[in-house]
1. Run the numbers on the chain and let me know its relative contact order in percent, using alpha-carbon pairs under 8 Å that are six or more apart.
2. Taking all protein chains together and a probe of 1.4 Å, list ILE9, ILE65 from the most accessible to the least accessible.
3. For the chain, what does -39500 (n - 2.57) per DSSP helix run (n ≥ 4), summed and divided by total residues, give at 222 nm, in deg cm²/dmol to the nearest 500?
4. How high is the FRET efficiency between ASP4 and GLN175 when r is their beta carbon distance and R₀ equals 45 Å, given to the nearest 0.05?
5. Which parts of segment 146-178 would a label at GLN137 reach, counting a residue when its backbone N lies under 16 Å from a point 7 Å out along Cα-to-Cβ?
6. Order the following by accessible area, largest value first: VAL53, VAL128. Probe radius 1.4 Å; ligands, DNA and RNA are ignored.
7. Could you give the length gained on full extension between ALA120 and CYS183, defined as 0.36 nm per residue of separation minus the Cα-Cα distance, in nm?
8. Per-residue HN-Hα couplings for segment 87-92, Karplus 6.51 cos²θ - 1.76 cosθ + 1.60 at θ = phi - 60°, whole Hz, x for Gly and Pro?
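The values are calculated or read from the model by the stated rules, or taken from the named source; none is laboratory data. Bear in mind that the values here come from a model prediction, so they are computed numbers and not experimental data. Heads up, the Cβs are rebuilt from the backbone with ideal geometry, glycines too, and the neighbour counts pull from every protein chain shown. Side chains included, ligands, DNA and RNA excluded: accessible areas come from the protein's heavy atoms. Shrake-Rupley method; radii C 1.70, N 1.55, O 1.52, S 1.80 Å.
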Amino acid sequence: SLSDLKGRIVQAPSVFGSVFQAVWLEMREQGLSLMNDPAMIQFTGHPKLEPVVMEVVARRIDAGIVRTTTLEHMQLHKESHPGFDISDLKVLNLVTQGMRGAEIEPLSSTYFYPEWSLVALPSVDSDVRRAVVSALQSIKETDYPAVHGNFSGFAPPLSFAQFRDMQLRLGILKQLNGPRMECIKDKNEYEA
(Lines give C-alpha, C1' and ligand atoms only; values in the text may rest on other atoms or scores of the structure.)
Protein backbone atom coordinates (compact mmCIF):
# COMPACT_ATOMS: atom_id res chain seq x y z
CA SER A 1 0.00 0.00 0.00
CA LEU A 2 1.02 3.63 -0.14
CA SER A 3 1.79 3.42 3.57
CA ASP A 4 4.94 1.57 2.44
CA LEU A 5 6.33 5.03 1.57
CA LYS A 6 6.59 5.94 5.28
CA GLY A 7 10.20 6.58 6.19
CA ARG A 8 11.38 6.00 2.60
CA ILE A 9 13.23 8.10 0.03
CA VAL A 10 10.84 8.98 -2.79
CA GLN A 11 11.67 10.70 -6.07
CA ALA A 12 9.40 12.48 -8.55
CA PRO A 13 9.91 14.80 -11.51
CA SER A 14 8.13 17.83 -9.99
CA VAL A 15 5.57 18.90 -7.42
CA PHE A 16 3.81 20.73 -10.27
CA GLY A 17 3.13 17.56 -12.25
CA SER A 18 -0.20 15.79 -12.26
CA VAL A 19 1.57 12.52 -11.44
CA PHE A 20 2.83 13.81 -8.09
CA GLN A 21 -0.49 15.52 -7.35
CA ALA A 22 -2.44 12.31 -8.02
CA VAL A 23 -0.30 10.38 -5.52
CA TRP A 24 -0.53 13.28 -3.05
CA LEU A 25 -4.35 13.14 -3.14
CA GLU A 26 -4.48 9.34 -3.04
CA MET A 27 -2.28 9.31 0.07
CA ARG A 28 -4.32 12.04 1.72
CA GLU A 29 -7.51 10.05 1.13
CA GLN A 30 -5.86 7.07 2.82
CA GLY A 31 -4.98 9.18 5.87
CA LEU A 32 -1.34 9.53 4.83
CA SER A 33 0.81 12.55 4.03
CA LEU A 34 3.03 12.55 0.98
CA MET A 35 4.76 15.64 2.36
CA ASN A 36 5.47 14.21 5.82
CA ASP A 37 5.41 10.40 5.79
CA PRO A 38 8.42 9.72 3.52
CA ALA A 39 11.85 10.38 5.05
CA MET A 40 12.69 12.48 1.97
CA ILE A 41 11.13 13.57 -1.29
CA GLN A 42 13.53 14.40 -4.11
CA PHE A 43 12.45 16.31 -7.22
CA THR A 44 14.50 15.83 -10.36
CA GLY A 45 13.22 19.06 -11.91
CA HIS A 46 12.98 17.60 -15.40
CA PRO A 47 10.28 15.70 -17.28
CA LYS A 48 12.30 12.54 -18.03
CA LEU A 49 10.79 9.68 -16.02
CA GLU A 50 13.09 6.81 -16.91
CA PRO A 51 15.92 8.14 -14.67
CA VAL A 52 13.54 8.05 -11.69
CA VAL A 53 12.79 4.39 -12.39
CA MET A 54 16.48 3.56 -12.87
CA GLU A 55 17.28 5.18 -9.48
CA VAL A 56 14.84 2.68 -7.93
CA VAL A 57 16.39 -0.20 -9.89
CA ALA A 58 19.86 0.86 -8.67
CA ARG A 59 18.46 1.05 -5.12
CA ARG A 60 19.62 4.66 -4.66
CA ILE A 61 16.03 5.58 -3.76
CA ASP A 62 13.20 3.47 -2.37
CA ALA A 63 10.35 4.60 -4.61
CA GLY A 64 9.68 6.70 -7.67
CA ILE A 65 6.57 8.50 -8.83
CA VAL A 66 6.15 8.29 -12.61
CA ARG A 67 3.25 8.58 -15.00
CA THR A 68 1.17 5.66 -16.16
CA THR A 69 2.74 3.52 -18.94
CA THR A 70 6.32 4.54 -18.09
CA LEU A 71 7.16 1.06 -16.80
CA GLU A 72 5.45 -0.69 -19.69
CA HIS A 73 7.28 1.49 -22.22
CA MET A 74 10.61 0.79 -20.52
CA GLN A 75 9.87 -2.94 -20.63
CA LEU A 76 9.19 -2.74 -24.37
CA HIS A 77 12.53 -0.97 -24.83
CA LYS A 78 14.63 -2.83 -22.26
CA GLU A 79 17.72 -2.61 -24.47
CA SER A 80 17.79 1.14 -23.73
CA HIS A 81 17.57 0.55 -19.97
CA PRO A 82 20.27 -1.93 -18.87
CA GLY A 83 19.30 -3.70 -15.66
CA PHE A 84 15.60 -2.88 -15.96
CA ASP A 85 12.97 -5.59 -15.72
CA ILE A 86 9.42 -4.69 -14.82
CA SER A 87 9.04 -7.91 -12.81
CA ASP A 88 11.69 -6.64 -10.36
CA LEU A 89 9.44 -3.75 -9.33
CA LYS A 90 6.37 -3.55 -7.14
CA VAL A 91 3.57 -1.09 -7.92
CA LEU A 92 2.09 0.21 -4.69
CA ASN A 93 -1.67 0.58 -4.34
CA LEU A 94 -2.41 -1.08 -7.70
CA VAL A 95 -5.56 0.42 -9.22
CA THR A 96 -7.48 -1.41 -11.93
CA GLN A 97 -10.45 0.94 -12.48
CA GLY A 98 -10.22 4.21 -14.37
CA MET A 99 -12.52 6.92 -15.63
CA ARG A 100 -16.15 5.92 -15.97
CA GLY A 101 -15.36 2.66 -14.19
CA ALA A 102 -13.48 1.29 -17.20
CA GLU A 103 -10.80 -1.32 -16.60
CA ILE A 104 -7.30 -0.06 -17.16
CA GLU A 105 -4.43 -2.25 -18.25
CA PRO A 106 -1.43 -0.03 -17.46
CA LEU A 107 0.02 -0.27 -13.99
CA SER A 108 -1.25 2.62 -11.87
CA SER A 109 -1.28 3.54 -8.18
CA THR A 110 -3.96 6.20 -8.50
CA TYR A 111 -7.18 7.08 -10.23
CA PHE A 112 -6.58 7.31 -13.97
CA TYR A 113 -6.55 10.99 -14.98
CA PRO A 114 -6.48 12.24 -18.58
CA GLU A 115 -3.14 13.47 -19.85
CA TRP A 116 -1.83 15.96 -22.38
CA SER A 117 -4.70 17.72 -24.07
CA LEU A 118 -4.15 19.89 -27.11
CA VAL A 119 -5.43 23.47 -26.95
CA ALA A 120 -5.55 26.41 -29.35
CA LEU A 121 -5.85 30.14 -28.85
CA PRO A 122 -9.19 31.68 -29.88
CA SER A 123 -7.33 33.60 -32.60
CA VAL A 124 -6.43 30.36 -34.45
CA ASP A 125 -8.71 29.84 -37.44
CA SER A 126 -11.21 26.99 -36.91
CA ASP A 127 -10.19 25.33 -40.22
CA VAL A 128 -6.57 25.28 -39.04
CA ARG A 129 -7.62 23.78 -35.69
CA ARG A 130 -9.62 21.04 -37.43
CA ALA A 131 -6.76 20.29 -39.84
CA VAL A 132 -4.25 19.98 -36.96
CA VAL A 133 -6.57 17.70 -34.96
CA SER A 134 -7.24 15.56 -38.03
CA ALA A 135 -3.52 15.24 -38.81
CA LEU A 136 -2.67 14.31 -35.22
CA GLN A 137 -5.45 11.75 -34.95
CA SER A 138 -4.31 10.09 -38.18
CA ILE A 139 -0.86 9.29 -36.73
CA LYS A 140 -0.40 5.56 -36.15
CA GLU A 141 1.87 4.05 -33.50
CA THR A 142 4.31 2.87 -36.19
CA ASP A 143 4.52 6.23 -38.03
CA TYR A 144 7.78 8.19 -37.91
CA PRO A 145 6.46 11.01 -35.64
CA ALA A 146 5.10 8.52 -33.09
CA VAL A 147 8.21 6.33 -33.06
CA HIS A 148 10.63 9.26 -32.80
CA GLY A 149 8.36 11.32 -30.54
CA ASN A 150 7.91 8.34 -28.23
CA PHE A 151 4.09 8.30 -28.31
CA SER A 152 1.45 6.00 -29.71
CA GLY A 153 -1.06 8.44 -31.15
CA PHE A 154 -3.66 11.07 -30.32
CA ALA A 155 -7.26 10.61 -29.25
CA PRO A 156 -10.03 13.03 -28.31
CA PRO A 157 -9.36 14.12 -24.72
CA LEU A 158 -11.38 12.89 -21.79
CA SER A 159 -12.94 15.42 -19.47
CA PHE A 160 -10.48 17.19 -17.20
CA ALA A 161 -13.18 17.71 -14.55
CA GLN A 162 -11.71 15.02 -12.27
CA PHE A 163 -8.25 16.54 -12.64
CA ARG A 164 -9.60 19.98 -11.73
CA ASP A 165 -11.44 18.43 -8.77
CA MET A 166 -8.18 16.82 -7.61
CA GLN A 167 -6.42 20.19 -7.64
CA LEU A 168 -9.33 21.88 -5.82
CA ARG A 169 -9.24 19.17 -3.11
CA LEU A 170 -5.48 19.59 -2.72
CA GLY A 171 -5.90 23.34 -2.35
CA ILE A 172 -3.85 24.09 -5.46
CA LEU A 173 -6.79 25.75 -7.21
CA LYS A 174 -9.38 28.13 -5.80
CA GLN A 175 -12.85 28.51 -7.30
CA LEU A 176 -13.60 32.14 -8.08
CA ASN A 177 -16.95 33.62 -9.09
CA GLY A 178 -18.39 31.75 -12.05
CA PRO A 179 -16.25 29.25 -13.96
CA ARG A 180 -12.93 31.01 -13.24
CA MET A 181 -10.29 29.37 -11.07
CA GLU A 182 -7.00 30.57 -9.73
CA CYS A 183 -3.83 28.75 -8.76
CA ILE A 184 -3.22 29.74 -5.15
CA LYS A 185 0.15 28.10 -4.64
CA ASP A 186 3.03 30.16 -5.90
CA LYS A 187 6.42 28.95 -7.10
CA ASN A 188 8.16 30.08 -3.89
CA GLU A 189 5.91 27.86 -1.78
CA TYR A 190 6.70 24.81 -3.93
CA GLU A 191 10.42 25.56 -3.82
CA ALA A 192 10.49 25.84 -0.01
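1. 16 percent
2. So the residues, ranked largest to smallest area, are ILE9, ILE65.
3. -8500 deg cm²/dmol
4. 0.85
5. Of the residues in segment 146-178, 153-159 have backbone N under 16 Å from the label point off GLN137.
6. VAL128, VAL53
7. 20.6 nm
8. Per residue, the Karplus-derived 3J(HN,Hα) values read 6, 7, 10, 10, 8, 7 Hz.
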